[in-house]
Amino acid sequence: MSGNRIKISFLGDIMFEEPFLRAARKADSTYDFNKAFEGLREICAESDIVVGNLETPLAGEDKGYTNEMYSFNTPDSCVSAIKNMGVTCVLTANNHCCDRGIEGLKRTLEVLDRHTISHTGSFDGEENNTPYIIELEGVKIAIISCTASTNASRTKCSVTADHVNLMQMQLTAPADRSLIASIKGFLKNRMIGEKNFIKMRIKAGLSPKKMSTDNILNVKAVQPYIDRISDQIEMAKGEADVVFVCPHMGGQFNVIPGAFSEYAMKSIANAGVDAIVGSHPHIVQKAELKGTVPCIFSIGNVSMSMSTLYILRDELPDYGVMMHFYLKNGKMDEVTYSLIVMDEIKDGYVIVKTAYDMVCSSSLEKKEKIIANAERVVRRLTRDEDVCLDKIEKEFVLFGANRMRNRS
């Protein structure tokens, strides 16, 4: 970015689910995702760094591409589309990074390296568990990616901090459950099947699933992992001027962060980080200042397929935010955000644009709907129920410079 300010932007969950994958498949059996992200190229080009959460492994065709709701693997061509969008670094610590095992995780890093996209969060060995650090105009910026889950009980993949920057221990067997819960789980997963179970719920007039919570907090068990992240922050501060932490945590489709998220966010903020940008809930959650540290609990999605069976649409998972951090003289100067909208067209292909651009190219009826939905998202993000939008700005101010000054 020209001038004396550096602009660092963060995008949420970049996903390639079954409907999107099917729609992107061409007659020659290759996949083209480029059109999906063309609408974000211009805004990405305005930033010096663009970071996104890569919510899929790139394990190769032989490991089977995504063909179920909760286990992902995407063709390598998605990386070209992400790079063409303008993303310069991806976060790889998330609940899907081990969907094709440790070998799939390692191959993901190899593919990203071949496409010269920086990455952090998962590693091919503990000695490489380091943050992403880049220098711009004499200012060094560090980004740490970490996750509360790798879906270990589903994937049965035993993973440690050697390969993923973890926020808590990963259990390959479910935590102790009641007999009734165990029987229900067996019937749903083994006898009926997850997709059929969701279809039955929908047919009965129920929501596809219950929204998730992250209210289970065992401080004694979690603290060693939080301490390790705090140590990483301290080491990063020794090398960089500005440190970001990106935790993948929270209850999916739940507007309210749970006890785990609240505890982790407070602990990381107290460790001396400059800003925290969360993901995983698949919807936008609140943002707040802890002291002078901007803490965004969840910035939502970039490319989620709204026709996927398990989606809970009530809290607008098709709306996300692109968070922008402006640095001046090596210090946090201003935090703004842009609203983005996912539009799943008839064949299942996902088109992503800024809400600003979407409004400019929409009919009056659609324009009014976008503004009304955007107002809900902004109210939730800012925790201000008095927000009334009559138009969509390219960027909204979240925290001005005066609220982030005088850091000790």
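Things worth noting here:
- Among the criteria (1) touching a strand residue (DSSP E or B) at 6+ places or on another chain (Cβ under 8 Å); (2) farther than 24 Å from LEU206 by Cα; (3) assigned to a loop (DSSP other than H, G, I, E, B); (4) of a type outside the set (Val, Ile, Thr), the one LYS346 does not fulfil is (1).
- Unmet requirement for ILE226, which otherwise passes all of (1) closer than 21 Å to THR308 by Cα; (2) within 20 Å of the chain's Cα centre (by Cα): (1)
- Close pairs (6 angstrom Cβ cut-off, 6 or more residues apart or separate chains): under 17 Å from GLU137 (Cβ atoms) and in contact (Cβ under 8 Å) with a residue 12 or more places away in the chain in region 38-52, hydrophobic (A, V, I, L, M, F, W, C) and assigned to a helix (DSSP H, G or I) anywhere: VAL50/CYS44
- Picking from residues in region 92-110 that are among the acidic types (Asp, Glu) and surrounded by fewer than 24 Cβ atoms within 10 Å (Cβ to Cβ), the one that is nearest to SER158 (Cα to Cα) is GLU103.
- Inter-residue pairs, beta-carbon under 8 Å, first more than 30 Å from ASP318 (Cα to Cα) and in region 235-258, second surrounded by fewer than 22 Cβ atoms within 10 Å (Cβ to Cβ) and of a type in the set (Gly, Ala, Ser), 6+ apart: LYS237/GLY272; ASP241/GLY330; VAL242/GLY330
- All positions within region 73-109 that are within 27 Å of ILE276 (Cα to Cα) and in contact with a strand residue (DSSP E or B) (Cβ under 6 Å, 6 or more places away or on another chain): GLY86, VAL87, THR88, CYS89, VAL90, LEU91, THR92, ALA93, ASN94, CYS97, LEU105
- Residues in region 247-262 that are under 22 Å from VAL219 (Cβ atoms) and buried (at least 18 other Cβ atoms within 10 Å of the Cβ): PRO247, HIS248, MET249, GLY250, GLY251, ASN254, PRO257, GLY258, PHE260, SER261.
- Residue pairs meeting the criteria (Cβ under 7 Å; at least 6 apart or on separate chains; first of a type in the set (Asp, Glu), in region 389-403; second buried (at least 18 other Cβ atoms within 10 Å of the Cβ) and in a helix (DSSP H, G or I)): GLU393/TYR356
- For region 149-167, residues that are aliphatic (A, V, I, L, M), part of a loop (DSSP other than H, G, I, E, B) and either in contact with a helix residue (DSSP H, G or I) (Cβ under 6 Å, 6 or more places away or on another chain) or more than 17 Å from LEU54 (Cβ to Cβ) (or both) total 2.
- Output for region 111-154, where each listed residue is modelled with pLDDT of 95 or more, surrounded by 15 or more Cβ atoms within 10 Å (Cβ to Cβ) and among the β-branched types (Val, Ile, Thr): VAL111, ILE117, THR120, ILE133, ILE134, VAL139, ILE141, ILE143, ILE144, THR147, THR150
The values are calculated or read from the model by the stated rules, or taken from the named source; none is laboratory data. Because the structure is a prediction, the values reported are computed rather than measured. Quick reminder, even Gly has a Cβ in these numbers, built from the backbone with ideal geometry, and neighbours come from all protein chains shown.
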